[in-house]
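Remarks on the structure that follows.
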Amino acid sequence: QVQLVESGGGLVQPGGSLRLSCTASGSVFTIDSMGWYRQAPGKQRELVATITRGGATNYADSVKGRFTVSRSDAMNTVYLQMNSLKPEDTAVYYCNAIARYQRGYWGQGTQVTVSS
């Protein structure tokens, strides 16, 4: 079992920055990849960025060049540095982990609001 807890969300003006963190506990050695998804009201949850234990990254086209995902060497923490934030980035951001046997885990989510 893996438990995920996000932090770092909040209110920021357009063009501003936020850094999200997600800490994993439990069977962290079974985690193959971690990442971030987001969901705005009335929209489906969408992939934002992922990173594998080996360090390979993947980004949604909408955030490339603005967001950076990284992880600790132990794969117990994943970060999302968000720069040049836009109102359309407003959503609940969820931490995700894919573990052994393709088992998926989710955090509770953290609200990011980009508004003047």
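Of all residues in the stretch 70-102, which are closer than 15 Å to Ala24 by Cα and free of Cβ contacts under 8 Å to residues at least 60 places away in the same chain?
Pass one, the stretch 70-102, residues closer than 15 Å to Ala24 by Cα: 70-80, 94-100.
Result: Ser70, Arg71, Ser72, Asp73, Ala74, Met75, Asn76, Thr77, Val78.
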Restricting the stretch 30-46 to residues that are assigned to a strand (DSSP E or B) and within 14 Å of the chain's Cα centre (by Cα), the one surrounded by the most Cβ atoms within 10 Å (Cβ to Cβ) turns out to be Met34
The stretch 51-61: number of residues that are within 17 Å of Gln81 (Cβ to Cβ) and within 14 Å of the chain's Cα centre (by Cα): 5
Take the stretch 92-116 and flag every residue that is open to solvent by less than 20 Å² (accessible area, probe 1.4 Å) and among the aromatic types (Phe, Trp, Tyr). Tyr93
Could you run through the stretch 1-38 and say how many residues are farther than 10 Å from Cys95 by Cβ and in contact with a strand residue (DSSP E or B) (Cβ under 7 Å, 6 or more places away or on another chain)? 21
When you scan the stretch 58-115 for strands (runs of 3 or more DSSP E) that lie fully inside it, which ones turn up with 1 or more residues that are among the β-branched types (Val, Ile, Thr), over 20 Å from Pro41 (Cβ atoms) and modelled with pLDDT of 95 or more? 67-71, 77-82, 91-99
Quick check on the stretch 6-18. Is at least one of its residues open to solvent by 60 Å² or more (accessible area, probe 1.4 Å) and aliphatic (A, V, I, L, M)? yes
Find all pairs meeting these conditions: Cβ atoms under 7 angstrom apart; at least six residues apart or on different chains; first residue within the stretch 17-30 and on the phi > 0 side of the Ramachandran plot; second residue at pLDDT 95 or above and open to solvent by 30 Å² or more (accessible area, probe 1.4 Å). Gly26/Gln3
Is the stretch 54-69 home to any residue that is of a type outside the set (Ser, Thr, Tyr), free of Cβ contacts under 8 Å to residues at least 60 places away in the same chain, open to solvent by 30 Å² or more (accessible area, probe 1.4 Å) and closer than 19 Å to Gly107 by Cα? no
Within the stretch 19-29, of all residues that are assigned to a strand (DSSP E or B) and open to solvent by less than 60 Å² (accessible area, probe 1.4 Å), the one farthest from Arg100 (Cα to Cα) is Leu20
Given (1) aliphatic (A, V, I, L, M); (2) in contact with a Gly (Cβ under 6 Å, 6 or more places away or on another chain); (3) within 22 Å of Val2 (Cβ to Cβ); (4) not in a strand (DSSP E or B), Ala49 misses just (4)
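The values are calculated or read from the model by the stated rules, or taken from the named source; none is laboratory data. Keep in mind it's a predicted model, so treat the numbers as computed, not measured. Positions of Cβ are generated from backbone atoms using ideal geometry, with glycine treated the same way; all protein chains shown enter the neighbour counts. All accessible areas refer to the heavy atoms of the entire protein, side chains included, with ligands and DNA or RNA removed. Shrake-Rupley method; radii C 1.70, N 1.55, O 1.52, S 1.80 Å.
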